[in-house]
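Each value in this text was obtained by applying a stated rule to the coordinates, not by laboratory testing. Everything numeric here is computed off the predicted structure, so don't read it as measured data. Because the Cβ atoms are built from the backbone with ideal geometry, glycine has one as well, and the counts that use them run over all protein chains shown.
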Amino acid sequence: MPTPSAPSAPVADGGLFCELYWGTSLAEAWSYGPELGQVHAAPDETAPLPLYGFTLPEEPFLLAERTPRGWRIHVPPSARVEKSLKGDAFHPVGPEELTGAPGRAAVELREGMTLRLVEGELRLLVQPSVVKERAGRFRVRDVAWLITVAILFLSAPVAFLTMGPDPARLAANNARALQVAHDKEEARRKAMGLDQPLKPLTEAERATQKQDGGARVNVPASFGVR
């Protein structure tokens, strides 16, 4: 027997999520927590919902207000309203679902419903938010965790300096490398026979070098040099 999925929280307990599309391109998105009782819109960046391109009867315009059953969405007078249930295709909202006087129509936002307000190329999608509560402030445990991370991050360079290579060990390693290079050079000179010092010449060898003036050449008597 399959286990039934947990039911989602009622729309009255959640917030509100809005997306503004220009054609098929998403332009802006806003999320409002359940602590808000009303959401006002205006063509102003300082408004809770900066809404441009829609004809609003006044500024700011009450776009949404909380009710005991959830949210009531007020429709701008020049916009048409469509709905989608649980991801189905959008279709117009029937007159029987609208409340209020002409030009001041409103529709109840129910669980699993997405409303789409359309005016020209603009489309404002409104649906219940999955946010059930505001994000809590930092707790003491969170602050302590951040402080610990900061200490570890700042202590890394100090640990590198204190636990790095010993200067005396570096000097010993350099001396050892120089000795190895010297030994290799001596072995190379020995293999070439260059490791023996030169012997001084004897008196006989010196006399031989002095007498050796090269081959004798006979010059004719008629040969003259200027």
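Points worth noting:
- Residue order for Leu117, Leu49, Leu56, Leu154, fewest other beta carbons within 10 angstrom first, comes to Leu154, Leu56, Leu49, Leu117.
- Residue order, fewest to most surrounding Cβ atoms within 10 angstrom, among Tyr32, Tyr21: Tyr21, Tyr32
- If you take the alpha carbon atoms of the range 11-128 and fit the smallest convex hull around them, that volume is 100 Å³ per residue.
- Simple rule: put +1 on each Lys or Arg Cβ and -1 on each Asp or Glu Cβ in the range 11-128, find the dipole, and look at Val75, Phe90, Leu63; the Cα lying farthest toward the positive end is Phe90.
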